[in-house]
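What follows is a single structure, written as structure tokens, with notes after it.
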Amino acid sequence: MHSRLDACFAAAREEGRSLLVGYLPAGFPTVDGGIAAMRAMVEAGVDVVEVGLPYSDPTMDGPVIQDAADAALRGGVTTRDVLRTVEAVAATGAPILVMTYWNPVDRYGPARFAADLAAAGGAGTITPDLPPEEAGPWLAAAAEHGLDSVFLVAPSSSDERIERVAGIASGFVYAASLMGVTGARAQVGAQAAGLVDRVRAATALPVAVGLGVSTAAQAAEVAGFADGVIVGSALVRVLLDAERRGLGEQAALEGIRALAADLAAGVRGGVPASA
């Protein structure tokens, strides 16, 4: 069975380019504000959207994403709000993934979450803290509803670990470019290209690189060796800065559109002057 992610990667390959995956947490600055920002990203050239499910103990997230997720939680965002966000953004036609730690899905009920995510038009999940050894119940529920299950590997992952992850993943494999938490960095991890090669030795699945990409130039660099480029913190920072400076929703959306368009140009091989 070919999923929406499969089709999206295939279309990008036909165009001779990488995919651009953009992340924002649901519920920030509000549920409707987050939906508007995600739709703006798609309009500006983001191919796949990661909708973050805000969580109180985010082991992988850096300070920027934590700040936005904390604000969303203080605003009362729920898993139902996350699913409403998925439904609204999926209406654009872009594949929508939920990026979530395992505990909220476990509490909601894996079978119920898979059914409700599919009903909302979601394409699958990214579960950074779900070990492959414990993923059986989720994989069964996801398969029943035609959802892709994306898992992460890191530079520290052994070849055996990469093979295990590649053996259960679908959609793509998420290659964390460096050790540590999420966040924009001056340089994308030097180990990223080597990690992509190691994953490709284990699977024919596409490999997307995340953690640290924040500019069009970095996106172009990663697009040179990966099938997908994942950007999160840099996009979240646009919304945080607009909120902190009291700029209003319109300015925030314009900022999101501008950065997303720059990044989209980067993965398509052109780096604009603003990069």
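The values are calculated or read from the model by the stated rules, or taken from the named source; none is laboratory data. This one's a predicted model, so the numbers in the text were calculated from it and none came from an experiment. Counting neighbours? That spans all protein chains shown, and the Cβs are built from the backbone with ideal geometry, glycine included.
If the condition is being within 30 Å of residue 2 (Cβ to Cβ), buried (at least 24 other Cβ atoms within 10 Å of the Cβ) and free of Cβ contacts under 8 Å to residues at least 60 places away in the same chain, then region 208-244 contributes 209, 211, 213.
Do we have residue 121 as at positive phi and without any contact (Cβ under 8 Å) to a residue 40 or more places away in the chain here? Against the criterion (at positive phi and without any contact (Cβ under 8 Å) to a residue 40 or more places away in the chain), residue 121 qualifies.
Listed here are the residues, each with its yes/no results for (1) closer than 27 Å to residue 225 by Cβ; (2) touching a Lys or Arg at 6+ places or on another chain (Cβ under 8 Å); (3) surrounded by 17 or more Cβ atoms within 10 Å (Cβ to Cβ).
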site: 10; (1), (2), (3): yes, no, no
site: 36; (1), (2), (3): no, no, yes
site: 42; (1), (2), (3): yes, no, yes
site: 50; (1), (2), (3): yes, no, yes
site: 63; (1), (2), (3): no, no, no
site: 76; (1), (2), (3): no, no, no
site: 79; (1), (2), (3): no, no, yes
site: 89; (1), (2), (3): no, yes, yes
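Of all the criteria given as (1) crowded, with 17+ Cβ neighbours inside 10 Å; (2) modelled with pLDDT under 90; (3) in contact with an Asp or Glu (Cβ under 7 Å, 6 or more places away or on another chain), the one not satisfied by residue 189 is (3).
Of all the residues in region 91-111, those that are buried (at least 21 other Cβ atoms within 10 Å of the Cβ), part of a loop (DSSP other than H, G, I, E, B) and among the β-branched types (Val, Ile, Thr) number 1. Test residue 253 against the stated conditions and say whether it is modelled with pLDDT of 90 or more and assigned to a helix (DSSP H, G or I). Criteria met by residue 253. Looking across region 112-140 at every residue that is in a helix (DSSP H, G or I), out of contact with any Pro (no Cβ under 9 Å at 6 or more places or on another chain) and not hydrophobic (A, V, I, L, M, F, W, C), the one that is surrounded by the most Cβ atoms within 10 Å (Cβ to Cβ) is identified as 116.
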